[in-house]
Amino acid sequence: MVLIIAATGGLLFAFIVFFIVYFRLIHKKRFELLDWFLLSLGTFNGIGFGFVLWATYAGKNSYDWTPWIIKYDDWASFTYLLMNILLLMSVIFGWNLTNMFTNKSKLFQHERKKDLSVVSKNAIRKMLFIAYLMFITSVVSYWLYTKAYGGFIGIFEYSRAIRSGFFYVENPFSFLQRFGSFSFFSSFIFFGILIDKKIKKKNSFFLFIGFIFSFLFSLYVLFTWEGRISLAFYVLTFFLGYTLYNYKNVLDFFSKSIFFFFISLFLIIMSDRILKRSSGNEGILDFLARELSFPFASYIVHISAQDYRWFKDLLVSPIYILPQRIWGQLVDTASDLNTIYIMGARKGESGVTGSIPVDMLSFGIIEGSVVGVLLIGLFWGALLLIVERFIYNISIKSIKGVMFIIYANIVLNVAILNVLYGDPQHFITRNFHVIIGVFLMVFFQKISFTKK
């Protein structure tokens with residue numbers, strides 16, 4: 001019976017979510033961050049829920065997750081789906097409520113300006129300055145960071161140990177690790193300028209060289225991080241950004257989205273094989289079951305734990321922009337708590353070599369049970385709309401090609417990925433390059449680069 005509830009209920013939930021997205025698409029004529037989030041929620045927490053339970057009972061899941069997944073009975077499966085419906089409704093309500101309050105706000109009001117036939121040289125200079133500044137900062141910072149491990153090449157001997165939380169080398173510049181992600185944003189700018197049809201490219205060769213160098217260095221950084229999803233989503237940013245910039249109508253976008261889905265799956269599997277994070281002997285279904293199990297294990301653990309944090313994680317979240325050595329000994333993240341419950345210890349302690357991320361639904365449960373899910377959903381819906389409006393207004397004053405690439409990265413790392421990785425610490429860490437990059441864009445909009 002539990003499989004029937006999970007599979008049928010999961011498919012029904014996904015159908016409801018996809019219908020809501022379809023209805024919004026007919027009305028809006030374009031996808032917004034809310035739609036991407038809803039598609040992710042329906043896919044992972046609807047279809048994914050039924051799939052993982054089926055795969056577990058079919059013996060296709062790993063021994064690490066099976067003891068947790070088989071704890072789902074009829075009631076747990078039913079309440080899981082109900083909690084997802086609550087999350088769905090609260091996010092949509094948070095989006096619409098914020099829309100009502102911000103429509104009259106000048107800060108988030110949609111500005112209306114005619115698109116220029118040619119982008120101004122001043123705007124291009126600003127974007128290129130930011131691109132070169134962030135790329136140079138990335139290389140210099142990573143050079144300082146890797147010195148303790150033997151340089152740019154020596155870091156590979158320690159990369160897995162660093163990721164697992166076991167540090168064998170004292171590194172005073174460890175806080176510079178995340179600055180390597182600045183090259184991501186740099187490559188977004190170069191690529192965005194290259195694909196923009198309104199820019200007359202007299203020096204396209206140098207733009208292409210800038211993109212190649214920043215792209216290759218970004219891949220190097222991602223390989224040293226040993227992050228499969230980060231690597232796959234970085235490459236996917238260019239596919240999605242190019243699609244968003246060039247699609248002609250909704251039907252054209254849907255046809256390209258199908259191709260995008262298979263490319264995404266292929267890149268995630270290839271990233272896993274390249275980084276050798278799994279044995280490579282398992283089939284695709286076994287791989288997907290193992291990789292998608294942690295949100296459902298987290299939920300079944302915390303729904304009965306009743307160890308609530310009462311939104312402490314939201315209150316302290318701004319501190320996560322600072323180096324971990326500042327707050328690491330003072331603050332336990334929601335993922336730390338999740339790892340302790342599932343693995344018995346934190347990452348890097350008692351032989352635990354990995355952290356168990358907390359998904360958005362489980363994060364709501366941790367914060368305050370049903371009330372937590374409701375309020376986290378309202379907050380997330382509001383945040384999605386604010387980010388949507390903010391990026392839209394910047395794009396009016398900036399280069400369209402660049403903004404579509406940045407928007408694509410936000411779609412992937414904010415709207416889609418937050419369903420699986422809902423911890424504020426993960427959110428800020430994986431979007432560090434975008435937070436700093438967008439800040440620089442806003443800052444330099446007020447400065448003229450035009451020669452007098």
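A quarter of the convex hull surface defined by the alpha-carbon atoms of segment 1-113 gives 9.2 nm² as the mean projection. Charged side chains reduced to their Cβ positions (Lys and Arg at +1, Asp and Glu at -1) give the chain a dipole of some 2720 debye around its Cα centre.
Given 0.36 nm per residue, what is the gain on full extension from PHE239 to MET100 after removing their alpha carbon distance, in nm?
46.7 nm is the gain from fully extending PHE239 to MET100.
Ranked by the mean number of other Cβ atoms within 10 Å per residue, highest first, peptides 227-234, 56-63, 86-93, 259-266 order as 227-234, 86-93, 56-63, 259-266. Between LYS200 and ARG273, the contour length at 0.36 nm per residue exceeds the alpha carbon distance by 22.2 nm. For segment 125-244, list log₁₀ I(q)/I(0) at each q in 0.11, 0.15, 0.18, 0.19 Å⁻¹, using the Debye formula over Cα point scatterers of equal strength and ignoring solvent, two decimals each. The Cα Debye sum returns log10 ratios of -0.40, -0.69, -0.92, -0.99. Output the 0 to 90 degree angle, nearest 10, between the alpha-carbon long axis of helix 360-396 and the longest principal axis computed from the alpha carbons of the chain. Long axis of 360-396 versus the principal axis of the chain: about 20 degrees.
Model label points for GLN329 and ILE136, set 7 angstrom from Cα along the Cα-to-Cβ axis, are 3.6 nm apart. Taking 0.36 nm per residue of separation and subtracting the Cα-Cα distance, full extension of the segment from TYR22 to LEU285 would add 91.8 nm. Using 31 Å as the Cα-Cα cut-off, could you pick out the over-long pairs in LYS312/LYS347; LYS60/LYS147; LYS121/LYS147? LYS60/LYS147; LYS121/LYS147, as the Cα separations exceed 31 Å there.
Test of the criteria: in segment 281-353, which GluC sites (Glu not before Pro) are in a DSSP loop and have at most 15 other Cβ atoms within 10 angstrom of their Cβ?
Hits after loop and neighbour filter: GLU282, GLU349.
The tail of the calculated P(r) for segment 350-437, taken as Cα-Cα distances beyond 23 Å, holds 32 percent of the pairs. Between ILE162, LEU25, SER317, the Cα set farthest toward the positive side of the dipole of the chain (charges on each charged residue's Cβ, about the Cα centre) is that of LEU25.
Modelled label positions at ASN246 and PHE262, each set 7 Å beyond Cα in the direction of Cβ, lie 1.8 nm from each other. The tail of the calculated P(r) for the chain, taken as Cα-Cα distances beyond 40 Å, holds 18 percent of the pairs.
Shown is the FRET efficiency for SER62 and GLN445, computed with R0 = 60 Å from the Cβ-Cβ distance and rounded to the nearest 0.05: 0.75. Using a simple spin-label model with pseudo-atoms 7 Å out from Cα toward Cβ, SER304 and PHE223 lie 4.5 nm apart. Selection among TRP68, VAL419, GLY368 by position relative to the dipole of the chain gives VAL419 as farthest towards the positive end (Cβ unit charges, Cα centre).
Look at where the Cα atoms of segment 301-367 and of segment 34-92 average out, and the two centres are 21 Å apart. Charges on Cβ only, +1 for Lys and Arg, -1 for Asp and Glu, centred on the Cα centroid of segment 298-444; of HIS302, ILE436, ILE399, which one is farthest towards the dipole's positive end? About the Cα centre, the residue reaching furthest to the positive side is ILE399. May I ask for the angle, rounded to the nearest 10°, between helix 228-246 and the longest principal axis of the chain, with both axes built from Cα atoms and the value confined to 0 to 90°? Compared with the principal axis, the helix lies near 50 degrees.
FYI, it's all coordinate maths here, none of it is from the lab. Only a predicted model underlies this, so the values are computations on that prediction, with no experimental measurement involved. So basically every Cβ, Gly included, is an ideal-geometry build from the backbone, and we count neighbours across all protein chains shown.
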